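J.: Got a structure for you, written out below as structure tokens; questions coming shortly.
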């Protein structure tokens, strides 16, 4: 029998099932099949993400000892997790806790093989703040192989509201990629509290001597706001 004939027969059987309403049952919605699959293959990514929220809520209510135990377990889980979406959720879950294990997860995630996880880690560190955040975000902004991660790190450096990020952002102004230059300008606006427009050269001049050009830029900003 030819392949065409076989395909035709399969199509006819499928059509009959649809007409009879038999196709209303699928293995993806049948509770028994879902339970069997979970027992055989473990929870799906969506199931694990849902469970993490409930587990985190319980750990928060359990006090310091429970939080320490929970975040230590998360370390093991993130190291063995192959799905980047789940690793992202483990990261954001860990970020809600202030334990050594939670900090270790946040540090490790900023070097995760998946760029989406690294980008989420940049956001987490911008929220945490502090000298450690500055160092980690600087490393991503200057060394990451993926442009999107570098752009995210630059953006988060701006959100740190730490003028120690100015040299890093000033260096990014020299990048040949216009997207990097634009993001560095946007971050400098946040860090400096100034708005010198979007002219990269003007920001280069300011970054070269922030104190010496302060009065000049202050006057220029005043005129721009008026007109």
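J.: Could you give the semi-axes, largest first, of the ellipsoid that matches region 40-187, computed as the square roots of 5 times the alpha carbon gyration tensor eigenvalues and rounded to whole Å?
T.: They are 31, 17, 11 Å, listed largest first.
J.: Full extension from residue 163 to residue 116: what is 0.36 nm times the residue separation minus their Cα-Cα distance, to one decimal in nm?
T.: 14.2 nm
J.: Can you pull the one-decimal nm distance between simple spin-label points at residue 54 and residue 211, each 7 Å off the Cα toward Cβ?
T.: Here the modelled spin labels are 5.9 nm apart.
J.: Any idea how far apart residue 127 and residue 143 come out in nm if each label point goes 7 Å out from Cα toward Cβ?
T.: Reported label-point gap for residue 127 and residue 143 is 2.5 nm.
J.: By how many nm would the segment from residue 96 to residue 186 grow when fully extended, if each residue of separation counts as 0.36 nm and the alpha-carbon distance is taken off?
T.: Full extension from residue 96 to residue 186 adds 29.6 nm.
J.: Would you please give the FRET efficiency between residue 195 and residue 135, computed as 1/(1 + (r/R0)^6) with r the Cβ-Cβ distance and R0 = 30 Å, to the nearest 0.05?
T.: Values: r = 28 Å, r/R0 = 0.92.
Calculated value: 0.60.
Laboratory data are not the source of any read-out in this text; all were calculated from the coordinates shown. Note that the structure is a prediction, hence the values are computed from the model and not measured. We place every Cβ from the backbone using ideal geometry, glycine too, and count neighbours over all the protein chains shown.
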